[in-house]
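Asker: Take a look at this one; I'll ask things after.
Any read-out appearing in this document is the output of simple, stated calculations on the displayed coordinates, not a laboratory observation. Because the structure is a prediction, the values reported are computed rather than measured. Cβ atoms come from the backbone with ideal geometry, glycine included; neighbour counts cover every protein chain shown.
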């Protein structure tokens with residue numbers, strides 16, 4: 001063997017050894033996944049100590065499903081409800097334990113109840129002949145609404161959480177379902193038989209964004225005749241186009257959006273508020289006697305889980321205020337994250353809806369105006385009239401004073417006294 005051949009052979013052997021060593025040192029895909037899972041688990045906020053002491057812990061005998069919910073509330077209210085319980089205007093209360101986990105819009109995840117116990121999260125439910133799904137499942141609440149997009153950070157966190165739970169319980173992707181898939185209702189004015197559609201919860205959940213494969217291609221309980229299908233949900237989950245349940249319908253009454261389609265079984269609840277186009281407010285338990293379900297006007301806004309005073313939702317002109325139980329969505333509807341919705345934070349900062357990422361941390365007492373453009377600053381060479389024309393004194397023209405006071409144009413008596421630096425906001429063309 002000549003010198004060159006010997007050198008080449010030695011070189012190949014050396015390279016092979018280097019590659020073998022590198023592969024032995026490089027973490028495997030499985031090891032990386034385990035590391036990421038461990039890091040995620042360490043980041044989970046332990047909220048179990050805040051569980052209602054009256055909640056009765058019962059160990060689950062079998063785990064067959066993971067059920068994804070949308071809370072229909074903001075973060076603060078979601079954590080209170082799932083841990084402490086629900087409050088109703090008639091004085092009735094529940095004892096909490098309504099989820100195992102809560103995932104905030106920024107991805108932060110909270111452990112409400114140890115996963116070995118039964119959480120009271122699915123209510124009247126059925127899947128593939130199994131009933132009382134709460135006793136067979138893990139419940140995950142996503143902060144937000146079934147008619148609004150789920151945040152990317154939520155998808156990342158819930159995807160990791162589901163993957164961990166699937167490994168623990170040996171579940172495949174078909175075991176991951178939404179509350180609207182498994183909930184069912186008794187006969188009512190829309191359905192003569194037991195039927196799917198009691199909840200709309202998490203129908204906007206995009207499985208692919210959470211790293212999941214397809215769901216079932218049919219509803220096994222409808223196919224067997226145990227339940228009657230809900231047409232809207234059937235189209236979402238099992239339609240021929242197989243589109244994911246993105247937020248395609250707002251919480252607004254229309255020809256296709258009935259009270260049932262928007263609110264499900266909560267259509268006539270005292271905690272469901274109907275805000276009419278003329279500003280009148282009715283709770284669900286008032287509609288039948290005072291209005292009539294067949295007389296709900298188009299463009300009525302339907303608000304779920306409104307436990308506080310209904311008067312908080314009443315319009316007081318164009319300036320609205322966020323308070324406990326009254327969210328940006330409650331006040332602005334689908335425009336909550338638009339550039340034409342202007343938020344005035346208590347700190348004095350001004351942001352448009354398009355600039356806000358973390359809706360959970362939007363402070364109480366934040367004010368907002370919907371459908372506006374601006375700001376236009378008052379200067380020596382730019383008067384209110386020059387900015388707004390003849391509308392400078394109109395009630396729809398909003399002035400933001402250096403003192404952080406918001407004043408409508410018709411409430412200002414002397415425009416010559418307006419300080420420089422006052423900001424003017426004008427209605428945006430619709």
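Asker: From the Cα gyration tensor of the range 121-184, with a ≥ b ≥ c the square roots of its eigenvalues, which class applies: rounded if a/c is under 1.5, or else prolate if a/b is larger than b/c, or else oblate?
Answerer: oblate
Asker: For every helix of n ≥ 4 consecutive DSSP H residues, a contribution of -39,500 (n - 2.57) applies; sum these over the chain, divide by its total residues, and give [θ] at 222 nm rounded to the nearest 500 deg cm²/dmol.
Answerer: Calculated mean residue ellipticity at 222 nm is -7000 deg cm²/dmol.
Asker: Can you give the Rg and Dmax of the chain based on its C-alpha atoms, in angstrom?
Answerer: Values for the chain (Cα only, Rg and Dmax): 27.0, 105 Å.
Asker: I'd like the FRET efficiency for residue 128 and residue 373, computed as 1/(1 + (r/R0)^6) with the beta carbon distance as r and R0 of 51 Å, rounded to 0.05.
Answerer: Step by step, r from the Cβ atoms, then E = 0.45.
Asker: Mind giving me the FRET efficiency for residue 194 and residue 415? R0 is 51 Å, r the Cβ-Cβ distance, nearest 0.05 is fine.
Answerer: Approximately 0.20, to the nearest 0.05.
Asker: Starting from the Cα of residue 349, step 7 Å along the direction of its Cβ; do the same at residue 408; then give the gap between the two resulting points in nm.
Answerer: Taking the simple label geometry, residue 349 and residue 408 are separated by 2.9 nm.
Asker: Right, next: What number, in percent, do you get for the relative contact order of the range 44-152 if the mean sequence gap of Cα pairs under 8 Å and at least 6 apart is divided by its residue count?
Answerer: 37 percent
Asker: Taking N as the number of residues in the range 348-430, what is its alpha-carbon radius of gyration divided by 2.2 N^0.38 Å?
Answerer: Computed over Cα atoms of the range 348-430, the ratio equals 1.14.
Asker: Hey, another quick one. Over what distance in Å are the Cα centres of the range 359-412 and the range 145-179 separated?
Answerer: Result: 43 Å between the Cα centres.
Asker: With contacts defined as alpha carbon pairs under 8 Å and 6 or more residues apart, what's the relative contact order of the range 329-383 in percent?
Answerer: 34 percent
Asker: Would you mind listing how long the range 253-409 runs along its three principal axes, going by Cα atoms, in whole Å with the largest first?
Answerer: So the three principal-axis extents are 57, 35, 26 Å.
Asker: Can you order the peptides 174-187, 385-398, 33-46 by their average number of other Cβ atoms within 10 Å per residue, highest first?
Answerer: 174-187, 385-398, 33-46
Asker: Over the range 45-238, what number does the Rg to Rh ratio reach, with both radii from the alpha-carbon atoms and Rh per Kirkwood?
Answerer: The Rg/Rh ratio comes out at 0.94.
Asker: Next up: Can you give the angle from 0 to 90° between the axis of helix 152-169 and the longest principal axis of the chain, with both taken from C-alpha atoms, to the nearest 10?
Answerer: The angle comes out near 40 degrees.
Asker: Follow-up question, since we're still on this one. Please give, to one decimal in nm, the separation of the simple spin-label points placed at residue 394 and residue 323, each 7 Å out from Cα toward the Cβ.
Answerer: Here the modelled spin labels are 2.9 nm apart.
Asker: Can you pull the one-decimal nm distance between simple spin-label points at residue 49 and residue 206, each 7 Å off the Cα toward Cβ?
Answerer: So the two model labels end up 3.8 nm from each other.
Asker: Follow-up. Please compute the length gained on full extension between residue 338 and residue 80, using 0.36 nm multiplied by the number of residues separating them and subtracting their Cα-Cα distance.
Answerer: Full extension of this stretch gives 90.0 nm more.
Asker: So for each of 372-380, 93-101 I average, over its residues, the number of other beta carbons within 10 Å; can you give me the resulting order with the highest mean first?
Answerer: 93-101, 372-380
Asker: Debye sum, Cα scatterers, the range 315-370, no solvent: what log₁₀ I/I(0) at q = 0.15, 0.16, 0.22, 0.28 1/Å?
Answerer: Per q value, in the given order, log10 I(q)/I(0) is -0.33, -0.38, -0.76, -1.32.
Asker: Let me ask something else about it. Run the numbers for residue 314 and residue 428: contour at 0.36 nm per residue of separation, minus the present Cα-Cα distance, in nm.
Answerer: 38.8 nm
Asker: Here's another thing I want to ask about it. Averaging sequence separations of C-alpha pairs under 8 Å and six or more residues apart, then dividing by the length of the chain, give the relative contact order as a whole percent.
Answerer: 10 percent
Asker: Given R₀ = 51 Å, FRET efficiency for residue 231-residue 278 by Cβ-Cβ distance, to 0.05?
Answerer: That pair, residue 231 with residue 278, gives E of 0.95.
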